[in-house]
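Have a look at the structure below, then the notes.
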Amino acid sequence: MAEVLVRAGADTRAVEDGRVFVGRRRVRRGDEAVKDGDVVEIAPPRETPVAVRVLAREDDVVAVDKPAGMPTIADHDGAAHALVAAAARALGIDAARLHPTSRLDRGVSGVVVFALTKAAAEERFRRTCALI
């Protein structure tokens with residue numbers, strides 16, 4: 001993968017940003033193998049990520065104000081500009097710790113709730129199902 005990145009004029013930052021795909025699969029590590037015939041796409045870097053406001057944090061749940069124009073989760077433009085990454089930066093934690101319990105479309109602003117643990121995410125899901 002590293003050789004492919006260099007030939008494309010990119011570096012491991014593109015992988016870290018979530019901007020590298022082999023076919024439709026996002027590359028997670030810079031040492032992943034690329035086979036003959038694989039289609040590798042590298043999205044261009046996005047502008048500086050937007051800071052978001054944490055509205056509340058209680059136990060293992062966090063509420064974040066999502067601005068319009070920002071995807072909730074990573075898309076084909078990468079991961080660094082997504083709400084989950086911005087919320088992780090605001091909280092000073094790894095984005096892998098955040099589990100969105102709801103999502104809003106890119107063009108919609110509003111509150112998105114994240115669980116900080118899988119157990120909290122499952123509990124939010126159970127509570128939501130009980131309301132339906």
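The values are calculated or read from the model by the stated rules, or taken from the named source; none is laboratory data. Worth saying up front: this structure is predicted, and the values here are computed from it rather than measured. Ideal geometry is used to build each Cβ from the backbone, glycine not excepted, and the neighbour counts take in all protein chains shown. Accessible surface areas use protein heavy atoms only, side chains included; no ligands, DNA or RNA. Shrake-Rupley method; radii C 1.70, N 1.55, O 1.52, S 1.80 Å.
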Review point. Restricting attention to segment 83-93, does a residue exist that is of a type outside the set (F, W, Y), out of contact with any Leu (no Cβ under 7 Å at 6 or more places or on another chain), under 22 Å from V20 (Cβ atoms) and open to solvent by 50 Å² or more (accessible area, probe 1.4 Å)?
Key: yes
Practice item. Count, please, the residues in segment 57-78 that happen to be closer than 18 Å to I42 by Cα, open to solvent by less than 30 Å² (accessible area, probe 1.4 Å) and of a type in the set (A, V, I, L, M). Key: 0
Revision key, fill the gap. Those residues of segment 86-104 which are assigned to a loop (DSSP other than H, G, I, E, B) and out of contact with any Gly (no Cβ under 6 Å at 6 or more places or on another chain) amount to G92, I93, D94, L98, T101, S102, R103
**Study point:** Residue check for V22: at pLDDT 85 or above, closer than 28 Å to M1 by Cβ, open to solvent by less than 30 Å² (accessible area, probe 1.4 Å) and over 16 Å from the mean Cα position of the chain (by Cα)
**Key:** yes
Check your understanding: Going by the conditions given, is L83 under 25 Å from A119 (Cα atoms), in contact with a Ser or Thr (Cβ under 6 Å, 6 or more places away or on another chain) and free of Cβ contacts under 8 Å to residues at least 60 places away in the same chain?
Key -> yes
